[in-house]
Amino acid sequence: SEPFAPFMFNLEDIEIIPEHVLSGVADINTDAFNKSPIGTGSYMLDDWQPDQFFKLVPFEDHFRGRAKNDGLTVFFHADTDVGSAALDAGDIDMMFTPPELQERYQDSNDFTLHNYVYYTPITLSFNHKHPILQDLVVRQAIAMAIDKETLNDTVTKGRGIVARNQFAESGPLDRYNDYDNVRPLEFNLEEANTILDEAGYTRGDDGIRVTPNGDRFEFIVITYSGFEEYQNGQVIIQEMLAELGIAVTPQVVDFTTLEGMWTDENDDPANRALELEEWPHSLEFDPDLYNEMHSDSLPPTGLNYMWFSDPEVDRLIEEGRRETDPDARVEIYRQLDVRRAEVLPNVPLYYAVDGWVRSNRVQGIKDTPYYRRYVTIAAQDWWKES
């Protein structure tokens, strides 16, 4: 009924599936097709051992021609330490590599490190259903109590980039950031304590602040397992906020459990008062933030699982979705960046500089700023020297 600017980018999340196979099944999600899928790519599934590996072999009649290799095997490892041991031993040829492992491969003669900047920031998100965190002053004080430089240097081994805007400054969405008008809250512990004092949040005998009603500033900061970087960040934030009179308890759950908490509209906000995560923006090349920030995109169906709501943010998101002129959209989302910094749905902490390491035995690989996407589409052009 009206223009929808993100239409083309939304299409990339729509997978092509065979109607003649699936049109009559009761539940597509549980059908046997999922264990023996076919697609339109350069490879066919040859073997799949859940939680261990899957093996792909070339599709000989692919329209682009046969792949330059005899296939791929993708392994699942318990953690990056296990994976790097397999890489060093020559059992695998390539792996995703978090910051803590990148230095060992930086100047290697046997391996090449391909870095890229993740397109959205790692954030500390606030649960806006939590009565204490609904106060903007509290959110501002927390933002000012976090020394982003120290946090970034510690958890990313100095490889990350401190974040102050909504999208990575070197990524495809950089033009939607407003660097002239966003006024980020810089690290100032003294000022953070002062504004909480002036707001009437006094410290108890144990040093923990309380509201005028006597509710203690005790928050769980939750994240999901599998990322040592995030868990280290939890501990650092715990120590920093203790200086503000806030007691923080880190909690780590598996991703499936956390997803269940996101979609539970009755979940107690105390269970996820704070969340350390990558900002859940799925469209790498479009700035539409409806799913994450609009007040109509709440659980159980939306991604606004931190229950953020602001009428001006809603207005700008709606305007940005209707505007199809590219330059006009840039201006709208820059206004949104400014408003985001004012109302603090979360605190952008840093942009992760992730990487893939590959054995130099593998040839035909390009280095690109979009390596994250590149590795999912380019394998048919790679080969390995014997």
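The values are calculated or read from the model by the stated rules, or taken from the named source; none is laboratory data. From a predicted model like this one, the values you see are computed outputs, not experimental measurements. For neighbour counting, all protein chains shown are included, and Cβ atoms are generated from backbone atoms with ideal geometry for every residue, glycine included. Surface accessibility is based on the protein's heavy atoms, side chains included, excluding ligands, DNA and RNA. Shrake-Rupley method; radii C 1.70, N 1.55, O 1.52, S 1.80 Å.
One line per residue, one yes/no per condition, for (1) modelled with pLDDT of 95 or more; (2) in a loop (DSSP other than H, G, I, E, B); (3) over 16 Å from Ser125 (Cβ atoms):
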| position | (1), (2), (3) |
| --- | --- |
| Asn193 | yes, no, yes |
| Phe219 | yes, no, no |
| Gln234 | yes, no, no |
| Ile237 | yes, no, no |
| Pro250 | yes, no, no |
| Glu265 | no, yes, yes |
| Asn271 | yes, no, no |
| Phe285 | no, yes, yes |
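Applying the condition of being free of Cβ contacts under 8 Å to residues at least 24 places away in the same chain and either in contact with a Gly (Cβ under 7 Å, 6 or more places away or on another chain) or of a type in the set (A, V, I, L, M, F, W, C) (or both) to the stretch 317-338 and asking which residue is most open to solvent (accessible area, probe 1.4 Å) yields Ala328.
Give the stretch 67-110 a look and list any residue that's within 22 Å of the chain's Cα centre (by Cα), small (Gly, Ala, Ser) and either in a helix (DSSP H, G or I) or more than 24 Å from Leu45 (Cα to Cα) (or both), or say none. Result: Gly83, single match. Residues that are at pLDDT 95 or above and part of a loop (DSSP other than H, G, I, E, B) were ranked within the stretch 168-185; the one that is nearest to Asp354 (Cα to Cα) is Asn177. Just one of the listed residues (Asp267, Asp288, Asp310, Asp314) is touching a residue at least 60 places away in the same chain (Cβ under 8 Å), surrounded by 16 or more Cβ atoms within 10 Å (Cβ to Cβ) and acidic (Asp, Glu), namely Asp288.
Checked against the criterion of being touching a helix residue (DSSP H, G or I) at 6+ places or on another chain (Cβ under 7 Å), modelled with pLDDT of 95 or more and either buried (at least 16 other Cβ atoms within 10 Å of the Cβ) or over 29 Å from Gln238 (Cβ atoms) (or both), the stretch 274-282 contains one or more residues that satisfy it.
Leu303 - would you say it is open to solvent by less than 10 Å² (accessible area, probe 1.4 Å), within 18 Å of the chain's Cα centre (by Cα) and within 18 Å of Lys129 (Cα to Cα)? When the stated conditions are applied, Leu303 does not pass them. Residues that are outside any loop (DSSP other than H, G, I, E, B) and touching a strand residue (DSSP E or B) at 6+ places or on another chain (Cβ under 9 Å) within the stretch 1-48 comprise Lys35, Tyr43, Met44, Leu45, Asp46, Asp47, Trp48, listed in sequence order.
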